[in-house]
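Visitor: Submitted below is the structure of interest, expressed as structure tokens.
The values are calculated or read from the model by the stated rules, or taken from the named source; none is laboratory data. Since this is a predicted model, take the numbers as computed values, not measurements. Neighbour counts run over all protein chains shown; Cβ positions are idealised from the backbone, glycine included. Just so you know, the surface numbers come from the protein's heavy atoms only, side chains and all, with ligands and any DNA or RNA stripped out. Shrake-Rupley method; radii C 1.70, N 1.55, O 1.52, S 1.80 Å.
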Amino acid sequence: MAIRIIQGDITQLDVDAIVNAANSSLLGGGGVDGAIHRAAGPELVAKCRLLGGCSTGEAKITKGYRLIARHVIHTVGPVWRGGVNNEAQLLKSCYLNSLQLAREHELESIAFPAISCGIYGFPIRQAVEIAYTTASDWLDLNHSAIDICFVCFGEDMEKEYLRFSER
Ligand code: AR6
């Protein structure tokens with residue numbers, strides 16, 4: 001199964017697409033979104049201004065501009081509001097819609113950050129389970145050759161993914 005778990009800064013990866021945990025404006029923010037916009041340069045936000053935003057759970061693709069990665073897939077994770085507002089399904093949709101875009105663009109490698117696990121406050125263990133099972137089920141279902149990488153910002157996050165992947 002083509003799933004890798006690594007620790008590091010997603011902006012430094014040499015992959016066909018990195019996924020951005022954006023907000024619905026797509027115009028940048030803090031966290032991984034800020035890091036990606038800084039590394040990609042002002043051409044990225046200029047392009048994003050033309051996209052008309054993005055709904056929670058949806059995804060849109062741009063080029064990677066000054067990044068090593070060839071593309072950025074922008075997706076908007078749910079803000080955690082107690083778990084009774086469809087958060088789990090919306091987070092799953094982020095992964096599915098990003099993978100679908102990658103397939104449509106014939107990409108061979110994609111790297112995800114832990115969407116919604118920072119400022120948006122999603123409980124990490126549950127988010128990691130959704131991320132991992134959605135990706136692995138998608139690979140099985142699509143017989144896809146795409147390499148999926150989960151990029152963990154720190155050791156604690158990596159442990160969560162590894163614990164889950166070793167089940
Ligand atoms: N590489 C990989 N992972 C990172 C990096 C990086 N360079 N920087 C942070 N992370 P967050 P969210 C991890 O808050 O919860 C923005 O303002 C981080 O440790 O970036 O989806 C947007 O504009 C955490 O595990 O995204 C939105 O308004 C994970 O990435 C809002 O934050 C996600 O944390 C989105 O919040």
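Visitor: Residues to consider are G118, G77, G82; find the one that is under 14 Å from the mean Cα position of the chain (by Cα) and open to solvent by 40 Å² or more (accessible area, probe 1.4 Å).
Guide: Working: G77 fails: open to solvent by 40 Å² or more (accessible area, probe 1.4 Å); G82 fails: under 14 Å from the mean Cα position of the chain (by Cα).
Of the residues listed, the single one that is under 14 Å from the mean Cα position of the chain (by Cα) and open to solvent by 40 Å² or more (accessible area, probe 1.4 Å) is G118.
Visitor: Is it the case that the range 48-61 has a residue that's near the ligand (Cβ under 8 Å from one of its atoms), under 20 Å from A111 (Cβ atoms) and not in a loop (DSSP other than H, G, I, E, B)?
Guide: At the first step, the residues of the range 48-61 found to be near the ligand (Cβ under 8 Å from one of its atoms) are none.
Checked against the condition, which is being near the ligand (Cβ under 8 Å from one of its atoms), under 20 Å from A111 (Cβ atoms) and not in a loop (DSSP other than H, G, I, E, B), the range 48-61 yields no hits at all.
Visitor: Tell me, please, whether a residue that is out of contact with any strand residue (DSSP E or B) (no Cβ under 8 Å at 6 or more places or on another chain) and under 18 Å from G30 (Cα atoms) can be found in the range 54-72.
Guide: So far as the range 54-72 goes, no, none of its residues is out of contact with any strand residue (DSSP E or B) (no Cβ under 8 Å at 6 or more places or on another chain) and under 18 Å from G30 (Cα atoms).
Visitor: Also, quick follow-up: Taking S144, is it among the polar types (S, T, N, Q) and either more than 11 Å from I3 (Cα to Cα) or out of contact with any strand residue (DSSP E or B) (no Cβ under 7 Å at 6 or more places or on another chain) (or both)?
Guide: On the way: among the polar types (S, T, N, Q): yes; either more than 11 Å from I3 (Cα to Cα) or out of contact with any strand residue (DSSP E or B) (no Cβ under 7 Å at 6 or more places or on another chain) (or both): yes.
Yes.
Per-residue answers, yes or no, for (1) under 15 Å from A69 (Cβ atoms); (2) assigned to a loop (DSSP other than H, G, I, E, B); (3) more than 6 Å from the ligand (Cβ to nearest atom):
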position: I5; (1), (2), (3): no, no, yes
position: T11; (1), (2), (3): yes, no, no
position: D14; (1), (2), (3): yes, yes, yes
position: N20; (1), (2), (3): yes, no, yes
position: S25; (1), (2), (3): no, yes, yes
position: G28; (1), (2), (3): no, yes, yes
position: V32; (1), (2), (3): yes, no, no
position: I36; (1), (2), (3): yes, no, yes
position: A39; (1), (2), (3): yes, no, yes
